[in-house]
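Presented below is the structure to which this report refers.
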Amino acid sequence: MHMLNPHCGVDRDPRGVVKLTICNAGSLNILGTAVINGVRNGLEVLATEQQIRVLVLAGQSEKSMIGGADIKEMAGLDQASAEKFITGLRDLCEAVRAFPAPVIARMPGWCLGGGLEVAAACDVRIAAHDAKFGMPEVKVGIPSVIHAALLPRLIGWGRARWLVMTAANIDAPTALAWGLVDVVAPEGGLDAAVESTIAALLECGPEALRSQKALLRQWEELPLKESVNLSIGVFGQSFLSGEPQRLMQGFLDRKR
């Protein structure tokens, strides 16, 4: 593993798959300011690399991808420093959401609060069979904010309201049924489930996937008519890459 900085380890394979491991953040991978900044900086460096086809976001321990934001640090905040802290976490979530290639969240163990916000900003969430999820902020006197705003879009208003207002934890089968995660791996099968999703993504045109991700981000924000119409130009631009011609010809050659 190559360390981009003390909190950001990177493993690469020849297929263009990069695993970013959140390091030196305690056994539960807790997000304090130093960790937030380190991981965001790592993501910004990797975002410039055109050859990356899939990014896997993982924690160093099997207890958690990200256990949450650092309560020890937050307990000492005031209004101004609280806004500065949460702006840093927003920027990390946005760096994940804006990453040009697909991002897979590898989710063993606990994923709480700020950790679930980061996971919501990923494109695919793959959970261990015994993973647990929750938004406990209101129990410690703060609202769930920033990318918790993605939760109603992912799981609907009722379930999002339940998570952020009761602070109740849910298990992996519930998270799957709600659409909070996309895959729950069988026991011992988390890495195999991640690899299976990587394989599916690698069968797609890399430029097409980057374009699709950018469109999805716009669809989240724009009215329907604008979403429909702006995508016409994106479709046309895809033919400038040569990818449709190459992949469509390959498809036609196989059918003969």
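The values are calculated or read from the model by the stated rules, or taken from the named source; none is laboratory data. In this text, all values refer to a predicted model and were calculated from it rather than measured experimentally. All Cβ positions, even for glycine, are placed from backbone atoms using ideal geometry, and neighbour counts span all protein chains on display.
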Leu31 vs (1) surrounded by fewer than 20 Cβ atoms within 10 Å (Cβ to Cβ); (2) closer than 21 Å to Gly141 by Cα; (3) not aromatic (Phe, Trp, Tyr): all pass except (1)
Of the conditions (1) under 16 Å from the mean Cα position of the chain (by Cα); (2) closer than 25 Å to Ala185 by Cβ; (3) not in a strand (DSSP E or B), the single one that Leu55 does not satisfy is (3)
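Considering only region 34-46, state which residues are farther than 15 Å from Gly114 by Cα and either buried (at least 16 other Cβ atoms within 10 Å of the Cβ) or not assigned by TED's automatic domain parsing to the domain that holds Val10 (or both). Please lay out each step first, then the result.
Restricting attention to region 34-46, the residues satisfying the condition of being farther than 15 Å from Gly114 by Cα are 38, 41-46.
Hits for region 34-46 are Gly38, Asn41, Gly42, Leu43, Leu46.
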Result of the Cβ filter at 9 Å on region 1-30, keeping first residues that are touching a residue at least 12 places away in the same chain (Cβ under 8 Å) and of a type in the set (Lys, Arg) and partners that are in a strand (DSSP E or B) and buried (at least 21 other Cβ atoms within 10 Å of the Cβ), at least 6 apart or interchain, is Arg15/Val54; Lys19/Leu55; Lys19/Val56; Lys19/Leu57; Lys19/Ala58; Lys19/Arg106
Note on region 15-27: residues surrounded by fewer than 20 Cβ atoms within 10 Å (Cβ to Cβ), within 18 Å of the chain's Cα centre (by Cα) and in a loop (DSSP other than H, G, I, E, B) are Gly16
(1) crowded, with 19+ Cβ neighbours inside 10 Å; (2) part of a helix (DSSP H, G or I); (3) among the small types (Gly, Ala, Ser) all hold for Ala101 apart from (2)
Scanning region 98-141 residue by residue, those over 28 Å from Ala75 (Cβ atoms) and among the charged types (D, E, K, R) turn out to be Arg106, Asp123, Arg125, Asp130
From the option list Val181, Val194, single residue qualifying as assigned to a loop (DSSP other than H, G, I, E, B), in contact (Cβ under 8 Å) with a residue 24 or more places away in the chain, surrounded by 15 or more Cβ atoms within 10 Å (Cβ to Cβ) and on the phi < 0 side of the Ramachandran plot is Val181
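Could you list, in sequence order, the residues of region 31-48 that are free of Cβ contacts under 8 Å to residues at least 40 places away in the same chain and within 18 Å of the chain's Cα centre (by Cα)?
Applying the first criterion (free of Cβ contacts under 8 Å to residues at least 40 places away in the same chain) to region 31-48 yields 34-35, 38, 41-42, 48.
Matches in region 31-48: Val35, Gly38, Asn41, Gly42, Thr48.
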For region 63-78, pairs from a residue that is outside the structural domain of Asp91 (by TED's automatic domain parsing) and among the aliphatic types (A, V, I, L, M) to a residue that is part of a loop (DSSP other than H, G, I, E, B) and crowded, with 19+ Cβ neighbours inside 10 Å, with Cβ under 8 Å and 6 or more apart or across chains, are none
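Determine, yes or no, whether Gly42 is of a type in the set (Gly, Ala, Ser), part of a loop (DSSP other than H, G, I, E, B) and either in contact with a strand residue (DSSP E or B) (Cβ under 6 Å, 6 or more places away or on another chain) or under 22 Å from Ala131 (Cα atoms) (or both).
Numbers: of a type in the set (Gly, Ala, Ser): yes; part of a loop (DSSP other than H, G, I, E, B): no; either in contact with a strand residue (DSSP E or B) (Cβ under 6 Å, 6 or more places away or on another chain) or under 22 Å from Ala131 (Cα atoms) (or both): yes.
In short, no.
Specify the residue that is farthest from the chain's Cα centre (by Cα); the eligible residues are those in region 155-173 that are in a helix (DSSP H, G or I) and surrounded by 15 or more Cβ atoms within 10 Å (Cβ to Cβ). Spell out how you get there, then give the answer.
So the first thing to find is which residues in region 155-173 are in a helix (DSSP H, G or I), and the list is 155, 157-166, 172-173.
Retained after the next criterion (residues that are surrounded by 15 or more Cβ atoms within 10 Å (Cβ to Cβ)): 155, 159-160, 162-164, 172.
On the way: Ile155: 15, Arg159: 20, Ala160: 18, Trp162: 22, Leu163: 19, Val164: 19, Ala172: 17 Å.
Step by step, filter region 155-173, then rank; the result is Trp162.
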- Message: Scan region 61-79 and tell me whether some residue there is closer than 20 Å to Phe99 by Cα and loosely packed, with under 15 Cβ neighbours inside 10 Å.
- Response: no
